[in-house]
Every structure is written in structure tokens, then in C-alpha cells.
1. Cα atoms only: what Rg and Dmax, in Å, come out for the stretch 1-111?
2. 7 Å from Cα along Cα→Cβ at both Asp56 and Ser226: what's the point-to-point distance in nm?
3. Please order Asp95, Asp85 by the number of other Cβ within 10 Å, starting at the fewest.
4. Please check: in the Gaussian network model of the chain (C-alpha springs, under 10 Å), which one of Met128, Met168, Met201 has the largest mean-square fluctuation.
5. Using Cα-Cα distances under 8 Å and only pairs 6 or more residues apart, what relative contact order does the chain have, in percent?
6. What does the C-alpha gyration tensor say about the overall shape of the stretch 69-131? Classify as rounded when a/c is under 1.5, otherwise prolate if a/b is larger than b/c, or oblate.
7. Compare the Cα positions of Tyr176, Asn196, Gln66 along the charge dipole of the chain (+1 at Cβ of Lys, Arg; -1 at Cβ of Asp, Glu; about the Cα centre) and return the one farthest towards the positive end.
8. Check the straight Cα-Cα distances from Lys149 and name the lysines below 27 Å, setting aside those fewer than 8 residues away within the same chain.
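Where a number appears in this text, it was derived from the coordinates with a stated rule and is not lab data. Because the structure is predicted, anything quoted here is derived from the model rather than measured. Ideal geometry is used to build each Cβ from the backbone, glycine not excepted, and the neighbour counts take in all protein chains shown.
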Amino acid sequence: MIPKIIHQLWEGKALSKLFLLLGKTWKEQHPDWRYEFWNGERMSAFIKDHYPHLADVYFGFPYNIQRWDAIRYLILYQMGGMYVDFDYECLEPVDKHIIEREKCYFTMEPEEHCINFFGCDTFSNAFMVSCPGHPFFKKIIDHIFIESKYGYTKNKVRDVHATTGPVMLRYLYRNYPNKDEIVLWPAELASPWSKNEAISMMRKTADEAYLEKKLEKAFAVHYFFSLWA
């Protein structure tokens, strides 16, 4: 079963007022869910307590974002619940969209990203829901920490996506035999705007009526701040 726990993580300087406000939307829309905030100290302690055999790889990643990617998979595998990035806003409770509580859930990238970015079957790790011990998360963890022999290119964005991010997820999903264990929410539900559309809305240069219409079916919206890049 998927436990009612919301996980968000942040390491380094204090959260901005905007991120605090966006994080608050998840608490407000899910009053019966427990909220867990993970700072750097807590993340390090979690690795040492639950995954000491993975610590060398975890602390040896060349980029901080790889640790922040990896630990979200480890937390969901250990505890279950819902992980969400701080650049996500919740519009309504997610509960009615979690039909089968023994599965895991990911969000597809907007169609506009498929053309130049990952490919049309790519989904994000910015918002994920899972029961504890899900076998697909076990596959992700094994790939990142044991199986992967990735040769770094010194292109940070490319390397991160390929080792711990969406490109890695797409590869594992394509080769995963039990796809019926995984639900891929269409972008219109949890990522209705593209990055460019989100930027245009924030800059007040958007066709607001058009973008508001794209929110009709959405329970969340991703703003794609991508500060790590």
C-alpha cells in the first residue's frame, strides 16, 4: 500500500519564499498526509543508517544533483509515499488519481519536450508516488549503484540525465518486463505546461487564457526551475 507521506528535500542555502509557498500547497491539499522534509544532514544519516553499503557511491557522485536524485528513489523504496520537487504546485489532492495502491506512479514530460529533449516516452523523477519495496524502484537503485558503468562526458546536464535522471528512467522502463506495475500519468494531469510556457506565465508574457485552459484536468503544475543545471 502507498502510505500517506509527502517527501520533499533541500540541501544548502535556505529555501526561498516561493519554494516555501509551493511546498505549502502540498500540505494544504493533503491534510491527512504526513509531511517529511529532508535536509542534507538527514539525507546523509538516512544513507548511513539504511544503505551503508551504497555510501561510497552515493557520496562519490561528482554532482550534488545526482545524490538528490538517487536519495529520492531510496526514500520511496524504503518508506513509500509521494516525492515532489519544490518547483511543483499542487492544485488539488492526488488521492483520486491513485487507483491501485500497489503500483508506482510517474508523470510524463509535456509533449513539447519530446521534440528536442528526451523522446516521447520520457517521464520525470520530479514527482513520483510508490508503495515501499516496489520492484521497479529496486531496479532503479541496482542500476544506479551496482550495474551502471557510465562514462562521463563532462556535460553536466547530459551526464545527470543519463545516470540518475529521466533518460536513465526511460531506459529502465523500456527494458522492464512488468510494465503493468507502473502507471505513467499523462502530462495534462501533473505537468500540463512546458518549461517555456511556465516561463512565459511567470514573466507575464503568456496567453493566459490558453494556459489556464491547459490546467483543466491538472492536479499539479511543474514550473521547471531546474536550478541545479
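1. For the stretch 1-111, the Cα radius of gyration and maximum Cα-Cα distance read 14.7, 40 Å.
2. That separation, rounded to one decimal, is 3.4 nm.
3. Asp95, Asp85
4. Met201
5. Values: 334 pairs, mean separation 55.0, N = 229.
The normalised contact order for the chain reaches 24 percent.
6. Details: a/c = 1.75, a/b = 1.46, b/c = 1.20.
Because a/c hits 1.5 or more and a/b exceeds b/c, the stretch 69-131 counts as prolate.
7. The residue sitting most towards the positive pole is Gln66.
8. Cross-link targets: Lys48, Lys138, Lys139, Lys179.
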